[in-house]
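No lab work stands behind these numbers, since they all come straight from the coordinates. Just so you know, these numbers come straight off a predicted model, no measurement behind them. Heads up, the Cβs are rebuilt from the backbone with ideal geometry, glycines too, and the neighbour counts pull from every protein chain shown.
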Ligand code: PHE
């Protein structure tokens, strides 16, 4: 086609040159052409099997400008000698200078000519030639190199290099042979077999371009998993591997009861403020908690009463918060602020279950889903995010056991050397924030919140006194941002997300160092 024209000319020239002589060396046949130009023409011919070529890399010796003068006019010492040889009675230094015509050449050449014993100083103080004939070896060497770009004696090359008369240069050239389909002209290669070719019979004589199996295909247009989804997948695997069951989290709207009261969060707690929590205005209120299915045998009236009493007057050995508890506040509808609302409902269901000994059996639950908080949005906060949450219910659990569990759990994500800091949650006692040293940030970063659920919460739902429950939570966004090197959460979620980023990112494996 027309686009081939520039290299097409060179390609034809190469074919013509090969026709006369084989092989040819590109450096000799096309000494002025750029390497890239020659290579592209050769590749085009080679892809049609019209030529084969090999790349030859060699070092060439190049004369420096001073050396070029020497090759043309002789070495400094030879020029000094020549000037003295032709002067019958010798020359003063000044006369010599004007005879040679170059002061620095005279100066350097004089010293060397003395050393070679080519010249001497007479009694009259004049310089004279002391031999009839000299051999200007430097010039001879340089002339040879000028012609052959090299010298058979490597010592000569090294010496001239040291004297800064030549420099070595890498030269790439091609040795070109005729190929299997060598011809003087490049025939047009068909890329398609058409109906017209069949009709005219042209298919019999046409040359077809062979398939290029090395060509990269165009990127397939396909769906891609969001980074959050990939990290969520990794977390789910860890939970399943450790014997956890996934909790159903398909309810974004909760009542204050499940989100707060059942968790022993007092009704005056700042987390329940409008500034922190999104409330639903329509419908105005939830119905009091009740069984959702036929299998659910729980007495929700008793649970509701227990929660009220434990807040208002105290119960189960707790003195409570001592404030008038409001049913209306408890029935406000909220966008859940944490998935612990779901854990609470699941633990309440667990309280109704009977294991082999007639008591609730040990259980491990987890969930990973969206929660909502009325936060001002910035580079690291959105009004919604995903929470990874786990609970373990068992008999005889201890705080040390929770710490060990955390080490194993986070260790499976490649996070080691945890630090625990005492913290406060209305629903856990003791409570611990979990920190880990982040190498990239070079500081401790908070990676989770945890604790042992309070008896006020667990006994209200009817769990036995000697059953304890560990709970912990973390955001899915934080580890995802760290793994994908994202510093602004809006690059991960929301309308500013670049779909290319989502499509191109590889599946992430939480590294296990
Ligand atoms: N709900 C807590 C949070 O939102 C996490 C947590 C869960 C803490 C369970 C303790 C126990 O940060």
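For all pairs of alpha-carbon atoms in the range 274-367, what percent lies in each bin of width 10 Å, listed from the first bin to the last filled one?
Spelled out bin by bin, the range 274-367 gives 12, 35, 40, 12, 1 percent.
Would you mind ranking 436, 200, 376, 255 by Cβ crowding within 10 Å, fewest neighbours first?
Numbers: 436 17, 200 11, 376 7, 255 22.
Listed from fewest to most nearby Cβ atoms, that is 376, 200, 436, 255.
Jot down the radius of gyration and Dmax of the range 335-407, Cα atoms only, both in angstrom.
Here Rg and the maximum Cα pair distance are 15.9, 52 Å.
Please give the peptides 211-224, 163-176 ranked by average Cβ packing (other Cβ atoms within 10 Å per residue), highest first, as a rough proxy for protection. Display every interim value, and only then the final one.
Values: 211-224: 6.9, 163-176: 16.1.
Answer by packing, highest mean first, reads 163-176, 211-224.
Which angle between 0 and 90 degrees, to the nearest 10, do you get for helix 5-20 versus the longest principal axis of the chain when only C-alpha atoms count?
Taking the Cα atoms of the chain, the angle to 5-20 is about 50 degrees.
D for the range 76-135, whole µm²/s, Stokes-Einstein with Kirkwood Rh over alpha-carbon pairs at 10 °C and 1.306 mPa s: what number? Intermediate results must be reported in sequence, preceding the final value.
Working: Rh = 10.9 Å.
Rounded to a whole number, D works out at 146 µm²/s.
Taking every pair of alpha-carbon atoms in the range 213-337, give the share separated by more than 22 Å as a whole percent. Provide the component values of the computation, followed by the final result.
Working: 4367 of 7750 pairs.
I get 56 percent for the Cα pairs in the range 213-337 exceeding 22 Å.
Listing 181, 483 from the residue with the fewest other Cβ atoms within 10 Å to the one with the most, what is the order?
Details: 181 12, 483 19.
By the 10 Å Cβ count, ascending, the order reads 181, 483.
Taking Rh as the Kirkwood radius computed over C-alpha pairs, what is the Stokes-Einstein D of the range 350-476 at 37 °C in a medium of viscosity 0.692 mPa s, expressed in µm² per second?
After rounding, the answer is 205 µm²/s.
Using only the Cα atoms of the range 37-156, construct the convex hull and provide its projected area averaged over every direction, in square nanometres to one decimal.
Details: hull surface 42.0 nm².
Convex hull of Cα atoms, orientation-averaged projection: 10.5 nm².
Cα axis of helix 137-148 to longest principal axis of the chain: angle in degrees, 0 to 90, nearest 10?
Its long axis makes an angle of about 60 degrees.
Could you quote the convex hull projected area for the chain, Cα atoms only and averaged over all directions, in nm²? Working shown, then result.
Values: hull surface 199.4 nm².
The directionally averaged projection comes out at 49.9 nm².
For the range 228-504, what is the Kirkwood hydrodynamic radius in Å, using each pair of distinct C-alpha atoms?
Numbers: mean 1/r = 0.0506 Å⁻¹.
About 19.8 Å for the range 228-504.
Give me the distance between the Cα centres of the range 355-391 and the range 188-257, rounded to whole Å.
Measuring centre to centre over Cα atoms gives 33 Å.
Rounded to the nearest 10 degrees, what's the angle between the helix 399-411 long axis and the longest principal axis of the chain, both from Cα atoms, 0 to 90?
Roughly 30 degrees, rounded to the nearest 10.
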